[in-house]
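Here's the structure, in structure tokens; my notes come after.
The values are calculated or read from the model by the stated rules, or taken from the named source; none is laboratory data. Remember, predicted model here, so these are calculated numbers, not experimental data. All Cβ positions, glycine included, derive from the backbone under ideal geometry; neighbour counts span all protein chains shown. For the accessible areas, the whole protein counts, side chains as well, though only heavy atoms, and no ligand, DNA or RNA atoms are used. Shrake-Rupley method; radii C 1.70, N 1.55, O 1.52, S 1.80 Å.
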Amino acid sequence: LKSNMVNEIDLRKLSWNGIPDQHRARTWKILLGYLPTNSSRSGILRRKREEYRHFASLYAQQHPSVRTDHERQLIKQVRADVQRTAPYIPLFRANRVQVSLERLLYTWSVRHPASSYVQGINDLATPLFTVFLQDYFDGLDV
């Protein structure tokens with residue numbers, strides 16, 4: 001995973017029986033296309049984060065008065081689902097995490113109008129959210 005070029009086919013084969021905790025976040029990011037397989041990862045990651053911040057500021061941080069009826073319904077559904085997200089996991093009860101998950105789901109939904117938001121997408125996001133946070137908790141069980 002630290003080499004200049006990661007062979008995605010080999011990585012998929014190696015991952016089939018499980019990925020060690022310390023490599024899981026990076027492996028998932030590569031296999032999901034979030035990170036490239038070559039060494040230009042930091043530039044790509046920076047660009048993707050800037051893109052997300054741009055779209056989040058356009059959509060998720062809008063004042064409610066400028067949202068359409070559809071957008072207001074969408075945010076209402078997202079908020080309801082975020083409140084129901086993994087209620088048995090303390091991480092998802094934290095206000096900061098709920099706000100972040102709400103912003104993520106709402107921004108994704110507005111950016112993908114063909115599929116938009118449907119109940120349960122929050123459940124698809126939770127394992128990704130958890131695994132991606134592992135990079136920031138230095139060995140703690142997220």
When W108 is evaluated against the numbered criteria (1) modelled with pLDDT under 85; (2) under 17 Å from the mean Cα position of the chain (by Cα), which criterion, by number, is the only one it fails?
(1)
If a residue must be over 13 Å from I75 (Cα atoms) and open to solvent by less than 30 Å² (accessible area, probe 1.4 Å), how many such residues does region 107-120 contain?
1
Check region 62-71 and report whether any residue there is of a type outside the set (S, T, N, Q) and in contact with a His (Cβ under 8 Å, 6 or more places away or on another chain).
no
Filtering region 12-26 for residues that are on the phi > 0 side of the Ramachandran plot and among the hydroxyl-bearing types (S, T, Y) leaves a count of 0
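Residues checked against (1) under 20 Å from F132 (Cα atoms); (2) hydrophobic (A, V, I, L, M, F, W, C); (3) modelled with pLDDT of 90 or more:
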residue: N7; (1), (2), (3): no, no, no
residue: L14; (1), (2), (3): yes, yes, no
residue: K29; (1), (2), (3): yes, no, no
residue: Y34; (1), (2), (3): yes, no, no
residue: N38; (1), (2), (3): yes, no, no
residue: A56; (1), (2), (3): yes, yes, no
residue: Y59; (1), (2), (3): no, no, no
residue: T68; (1), (2), (3): no, no, no
residue: K76; (1), (2), (3): no, no, yes
Return only the number of the condition from (1) of a type in the set (A, V, I, L, M, F, W, C); (2) within 30 Å of I9 (Cβ to Cβ); (3) over 14 Å from the mean Cα position of the chain (by Cα) that I89 does not satisfy.
(2)
